[in-house]
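Right, one structure below, let's go through it.
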Amino acid sequence: MTGFWSKLRGKGAEPQDGAATLQRLFADYPADPPPHTGPPEALTAAQQDENLAAFLARRDTRLEVVLDFFAQRGIAAAPLLDPATDGATAAAAIDGWLGSTLPRRSFSPVSGDPQPNPDERGFRASDRAGPDRYYAFLDDLGALEGEAIRRRDPRFSWAIHRLPELDGDGRICLIKPGNPDWAPLALDIAAHLLAICHAKMAPGGDGTGHHFGELLAASCRGDFDPGGVTG
């Protein structure tokens, strides 16, 4: 599914420079199609569970894929997975690469930014193959930050998000159970990174202040617990 690209192309037109550059950047990134594609909420519970099982079975392999991707670009990302470190240096290096490498979308003096918001539905329904290999990269990047959090805080685990109090819709999230004093937490890290990377490609530059590794830093600070620092 190529909704992101078709929106940037325009019907019957060649890809704009930014979209074409992004496709070239991830053209050789290993595809990672789930057993069942489509919006998570449109899948059955059994299909959602099969997607989670496949994610968990391939998790270590996909982590090696993204670590190798960064290693080929001179970035040592493995410290993110070492609970003995805070991972901040590795996270900053990845965020710097994203900011300097992801292409900018073109700017129209008439309509402005042609796509100010990321295509979340297209991202969730994508098969993570072909021209959508960028989405496979985002999934792996999300798994990398998620594992960095989970290995430092074993209360978190990967699960299907079905928490009714958080409007669960069948996504694979990093989830921490609640307790009598604290609500449960579900982190859709890949979707979070979709938004972060989309902002980095804004025609006028990224003014959001968000960055890769911010969820890990928040977890290390205790922001996700009662009495933790917020903001």
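No lab work stands behind these numbers, since they all come straight from the coordinates. Source: prediction; values computed, not measured. Glycine gets a Cβ as well: all are built from the backbone with ideal geometry, and neighbour counts include every protein chain shown.
What the table below lists for this structure:
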{"item": "Percentage relative contact order, segment 22-221, counting C-alpha pairs under 8 Å, at least six apart", "result": "28"}
{"item": "Net +/- balance of residues flanking residue 40 in space, Cβ distance below 11 Å, scoring K and R +1, D and E -1", "result": "+1"}
{"item": "CD proxy at 222 nm, helix term only [per DSSP H run n ≥ 4: -39500 (n - 2.57); per residue of the chain; nearest 500]", "result": "-14000 deg cm²/dmol"}
{"item": "Computed over segment 165-231: relative contact order in percent, which uses C-alpha pairs under 8 Å that are six or more apart", "result": "20"}
{"item": "Length added when fully stretched, residue 157-residue 58, from 0.36 nm per residue minus Cα-Cα", "result": "34.1 nm"}
{"item": "Potential extension, residue 120-residue 68 segment - 0.36 nm per residue separation minus Cα distance", "result": "16.0 nm"}
{"item": "Cα gyration tensor, segment 22-221 - rounded (a/c under 1.5), prolate or oblate", "result": "rounded"}
{"item": "At least 20 Å along the helix axis (C-alpha) and Kyte average at least -0.5, DSSP helices within the chain", "result": "45-71"}
{"item": "Within the chain, longest stretch clear of exposed trypsin sites (Lys or Arg not before Pro) (DSSP loop, no more than 14 other Cβ within 10 Å)", "result": "74-154"}
{"item": "For segment 58-163: rounded, prolate or oblate by the Cα gyration tensor [a/c cutoff 1.5]", "result": "prolate"}
{"item": "Length released on extending from residue 92 to residue 210, taking residue separation times 0.36 nm less the Cα-Cα span", "result": "41.3 nm"}
{"item": "Cα-centred dipole magnitude for the chain, charges only on beta-carbon of K, R (+1) and D, E (-1), debye, nearest 20", "result": "440"}
